[in-house]
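The structure appears below as structure tokens.
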Amino acid sequence: MPRNVATAQAELDDARATLATLEEQVRDGDDVTPQQLSAQRELISFAELRVEAAQRTEARMREDERAELAGTAKTAATDLLTGDSADALAAAAKTAADALATLAGLAFEWNAKVEEIGTTLAGIDADLTIQFDAEPWGSKRYGIWGARDRVSVPGVGMATQMDVGALTVTVLLAGLTGTPESRAALDQHGHRFTGLRNLTARGFLEAFPAVAEALRATPQELAAADQRSRVDILEQGRGPQS
């Protein structure tokens, strides 16, 4: 029956110890025959071979185990690379990239419209100043006023140009809070900058209430989030309205 290395080594150690005992008995003058010494030395040689055999058996077993584990890993990796998971990940990344590009395009379109309207109003203000020495914002007489970066219609609201970088940071933060996976992704994004990102998001959402409402967490979403995510949501100004 094949022995493991520990058992075979123990048998070898016992054989060597027995030989040492016999040799010491010879030195003490005890009745030990040459045949006993020779037999014990042969037993040691045999035990050494058994140790080597056990080592080889264990090496083969480890190799078989490694081969089996590697085969399983290779199958799993092949399935991962060629199966639905890879396609789903690629599709999600494309969707996210397209959505972010669309968002940026809409934001720059918004900014361009604000600048176009504001430039028109600035021209009206300049014309009024030249002709009538009117006060600044003379266009208010027409129920509107503004500059290149903002326009206001009293009773309706104010439109200002937005920081598109802050917008994308805010949307990123909104998408990466609430679940353990998104929390981990946010940590990998750079946990040392979390405070700065939260302040950026809060400032942006305070300037654009419509976006703030769209990204605001519901009471249920806030309750379901872990403690760190809840802190982030509240620091970003995305908590439920009281």
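For residues that are of a type in the set (D, E, K, R) and out of contact with any helix residue (DSSP H, G or I) (no Cβ under 8 Å at 6 or more places or on another chain), tally how many sit in the stretch 222-242.
0
Scan the stretch 104-139 residue by residue and report those that are in a helix (DSSP H, G or I), touching a helix residue (DSSP H, G or I) at 6+ places or on another chain (Cβ under 9 Å) and of a type in the set (D, E, K, R).
Passing the criteria: ASP125, ASP127.
Okay, residues lined up against (1) farther than 27 Å from PRO209 by Cβ; (2) of a type in the set (A, V, I, L, M, F, W, C):
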{"site": "LEU81", "(1), (2)": "yes, yes"}
{"site": "THR102", "(1), (2)": "no, no"}
{"site": "ILE130", "(1), (2)": "yes, yes"}
{"site": "TRP137", "(1), (2)": "no, yes"}
{"site": "TRP145", "(1), (2)": "no, yes"}
{"site": "ASP163", "(1), (2)": "no, no"}
{"site": "VAL169", "(1), (2)": "no, yes"}
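Can you pull out every residue in the stretch 114-139 that is of a type outside the set (Asp, Glu), free of Cβ contacts under 8 Å to residues at least 12 places away in the same chain and under 17 Å from ALA159 (Cβ atoms)?
Within the stretch 114-139, THR120 is the sole residue that qualifies.
Give the residue that is surrounded by the most Cβ atoms within 10 Å (Cβ to Cβ), with candidates limited to residues of the stretch 1-41 that are among the acidic types (Asp, Glu) and over 60 Å from the mean Cα position of the chain (by Cα).
GLU23
Under 7 Å by Cβ, and 6 or more places apart or on different chains, what pairs join a residue from the stretch 228-242 that is closer than 18 Å to ALA185 by Cα and without any contact (Cβ under 8 Å) to a residue 12 or more places away in the chain with one that is hydrophobic (A, V, I, L, M, F, W, C) and in a helix (DSSP H, G or I)?
If the second residue must be hydrophobic (A, V, I, L, M, F, W, C) and in a helix (DSSP H, G or I), the pairs left are ARG230/LEU222.
Return the total of residues in the stretch 123-144 being surrounded by fewer than 15 Cβ atoms within 10 Å (Cβ to Cβ) and hydrophobic (A, V, I, L, M, F, W, C).
Looking only at that region, the number is 3.
Does LEU196 qualify as being among the aliphatic types (A, V, I, L, M), closer than 29 Å to PHE108 by Cα, modelled with pLDDT under 80 and surrounded by fewer than 17 Cβ atoms within 10 Å (Cβ to Cβ)?
Considered against the rule, which asks whether it is among the aliphatic types (A, V, I, L, M), closer than 29 Å to PHE108 by Cα, modelled with pLDDT under 80 and surrounded by fewer than 17 Cβ atoms within 10 Å (Cβ to Cβ), LEU196 comes out as yes.
This table checks each residue for (1) surrounded by 11 or more Cβ atoms within 10 Å (Cβ to Cβ); (2) of a type outside the set (A, V, I, L, M).
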position	(1), (2)
ALA59	yes, no
ALA101	no, no
ASN111	yes, yes
LEU121	yes, no
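Taking the condition of being among the aliphatic types (A, V, I, L, M), free of Cβ contacts under 8 Å to residues at least 24 places away in the same chain and crowded, with 16+ Cβ neighbours inside 10 Å, how many residues in the stretch 145-168 meet it?
The total comes to 0.
Condition (residue is over 21 Å from the mean Cα position of the chain (by Cα) and not in a helix (DSSP H, G or I)) applied to the stretch 68-86: is it met by at least one residue?
yes
Identify all residues within the stretch 80-103 that are over 20 Å from LEU172 (Cβ atoms), out of contact with any helix residue (DSSP H, G or I) (no Cβ under 7 Å at 6 or more places or on another chain) and either of a type in the set (Gly, Ala, Ser) or at pLDDT below 85 (or both); write none if there are none.
Across the stretch 80-103, the qualifying residues are LEU81, THR82, GLY83, SER85, ASP87, ALA88.
The values are calculated or read from the model by the stated rules, or taken from the named source; none is laboratory data. From a predicted model like this one, the values you see are computed outputs, not experimental measurements. With ideal geometry, Cβ positions are generated from the backbone for all residues, glycine too; neighbour counts draw on all protein chains shown.
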